[in-house]
Each structure stands twice: as C-alpha cells, then as structure tokens.
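The values are calculated or read from the model by the stated rules, or taken from the named source; none is laboratory data. Values in this document were obtained by computation on a predicted structure and should not be read as measured data. Note that we place each Cβ from the backbone using ideal geometry, even for glycine, and neighbour counts take in every protein chain shown. Heavy atoms of the whole protein, side chains included, go into the accessibility calculation; ligands, DNA and RNA do not. Shrake-Rupley method; radii C 1.70, N 1.55, O 1.52, S 1.80 Å.
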Amino acid sequence: MALVVCETFASLMGESTRAGVPAYFIRLTGCNLRCRYCDTTYAYEGGSAMTVGALVDLARSQPHRLVLVTGGEPLLQPETPALLTELLDAGFTVCLETNGSLPIGAVDARVHRILDVKCPGSHMADHNLWANMDLLTSRDEVKFVVADQLDFTWALEVINNFLLAERLPVLISPVFGQVALQEAAAWILATGLPLRLNPQLHKYIWGPEVRGV
C-alpha cells in the first residue's frame with residue numbers, strides 16, 4: 001500500500017472555504033493534465049514511495065487536525081482512497097483537491113472534496129468528467145480557475161447548468177498575476193450569486209515561487 005509522494009509540509013490553507021486555517025499537506029506525485037498556468041509542475045514526476053501507514057503517522061506527528069491531500073492529481077494513484085479513509089479513521093478532517101478529470105465515486109463520503117473544473121483558459125476543459133457533478137454533496141466545493149472574463153462567463157454557464165451555487169460552495173480563483181482581484185470581484189458581484197472569491201493566499205504571503213507553503 002505505497003504511494004509516490006512529492007512533498008509533505010505544514011502550512012496555512014491557501015485556498016478553499018478553509019483558506020487561512022493551519023493544515024498538514026500531503027502532495028502526491030503525478031498528473032494527467034497539463035494546465036497552461038500550472039504552478040506545481042514539479043509534482044509531475046519524481047517523489048518518494050511511502051506507505052499509507054507512514055503518511056498517517058507523519059500526520060499524527062503534527063499539531064494540525066486538518067489534512068489536505070493534493071497533487072498533481074491524487075486520484076491517479078490507486079491507494080489514495082485508502083489513505084483518505086485511514087486519515088479519517090485517525091480522527092483528521094480530510095480535504096481532497098482533485099482536477100475533476102477522474103471519477104470521485106470511490107472517495108470516502110466523509111472527505112471534503114474540492115473539485116477543480118477546468119475552464120477553457122487552462123487548455124484542459126475537454127478533460128472535465130461531468131458525471132462527477134451528480135456525485136457532489138454540500139460538504140464538497142467546486143473551484144473554477146479563471147484566466148479572463150471569458151473563463152468566468154463559461155464558468156457561470158456550468159454553475160447554472162448544474163445548479164452548483166444552490167448545492168455547495170463555489171470558488172472563483174483568478175490566475176495569480178493575470179486577473180486582478182478587483183476585476184474578479186466585480187464579475188462576481190454582477191452575478192448576484194453567492195460565489196466566493198478565492199485568491200491563492202499562500203502566494204500573497206510567501207510569494208509565487210516558494211514551495212512547501
């Protein structure tokens with residue numbers, strides 16, 4: 001029961017409805033997408049093999065009771081669902097960040113899934129697995145990374161088609177250094193919908209190039 005791990009570290013959650021909350025991060029290696037604006041290309045390959053038990057023990061050694069499993073794309077590795085369940089059984093609150101291209105049905109129902117719907121500006125929108133939308137619950141979140149207003153308009157169509165704003169938190173994430181927060185805020189306000197502006201907090205604190213934060 002081994003996984004290939006890119007890095008582990010303790011930091012503040014940089015995104016999601018838990019932004020700013022201390023957490024332990026487990027970043028797994030490997031991704032099946034190549035988003036144009038990707039900021040974790042170093043997670044595409046490499047890493048070290050670790051067992052589920054060793055990762056849970058590492059999490060236990062930290063003071064934080066919130067764990068984020070991210071990537072890369074965590075669901076590429078067949079042992080990821082087992083890791084999530086073991087972390088939950090150990091008493092952690094567990095979040096999973098996934099790119100939305102792979103089925104999420106095998107993930108423990110207690111996990112808070114953060115599903116990243118790929119907009120056209122990512123050049124990966126053709127990879128969205130729309131069947132996942134029917135599996136989302138109110139404990140999950142959907143994130144749209146927007147590179148421009150065309151992405152935002154496209155995201156609104158998806159939000160309305162799947163009634164997402166009525167079902168769960170919807171996050172609008174401007175591409176860092178490309179879309180001004182004031183601009184994205186204006187787009188959100190104009191919709192009248194309860195969307196959440198979701199800047200990458202860690203980049204504003206530590207800078208866009210720093211790893212392990």
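Taken about its Cα centre, the stretch 129-191 carries a charge dipole of roughly 140 debye when the Cβ of each Lys and Arg holds +1 and the Cβ of each Asp and Glu holds -1. Farthest toward the positive end of the dipole of the chain, out of C31, L75, S11, is the Cα of S11, where the dipole comes from beta carbon charges about the Cα centre. From the alpha carbon centroid of the stretch 149-167 to that of the stretch 26-92 is 28 Å. Taking the accessible area of the stretch 46-160, probe 1.4 Å, and keeping the other protein chains in place, the carbon and sulfur fraction comes to 53%. Summed over the residues of the chain and divided among them, the accessible surface reaches 44 Å² per residue at a probe radius of 1.4 Å. Applying the Karplus relation 6.51 cos²θ - 1.76 cosθ + 1.60 with θ = phi - 60° to the stretch 178-188 yields 3J(HN,Hα) values of 10, 10, 5, 4, 4, 5, 5, 4, 5, 4, 5 Hz, where x marks Gly and Pro. Among residues other than A184 with Cβ under 14 Å from its Cβ, the summed charge is -2 (Lys and Arg +1, Asp and Glu -1).
Legend: P(r) of the chain from all alpha carbon pair distances, 10 Å bins from 0, whole percents, reading 8, 36, 39, 15, 2. What is the stretch 4-69 by shape, rounded, prolate or oblate, if you read a ≥ b ≥ c off the alpha carbon gyration tensor as root eigenvalues and call it rounded for a/c under 1.5, prolate for a/b larger than b/c, and oblate otherwise? Oblate. Each Lys and Arg adds +1 at its Cβ and each Asp and Glu adds -1 at its Cβ; summed about the Cα centre, the chain shows a dipole of about 360 debye. Put I172, I205 in order of accessible area, highest first, and with a 1.4 Å probe you get I205, I172. About its Cα centre, the dipole of the stretch 68-184 is roughly 140 debye, where the only charges are +1 on Lys and Arg Cβ and -1 on Asp and Glu Cβ. Helical runs (DSSP H, four residues minimum) scored at -39500 (n - 2.57) apiece and divided by the length of the chain put the mean residue ellipticity at 222 nm at -7000 deg cm²/dmol. Compared with the dominant principal axis of the Cα atoms in the chain, helix 80-89 is inclined by about 80°. Rolling a 1.4 Å probe over the protein chains gives R110 an accessible area of about 100 Å².
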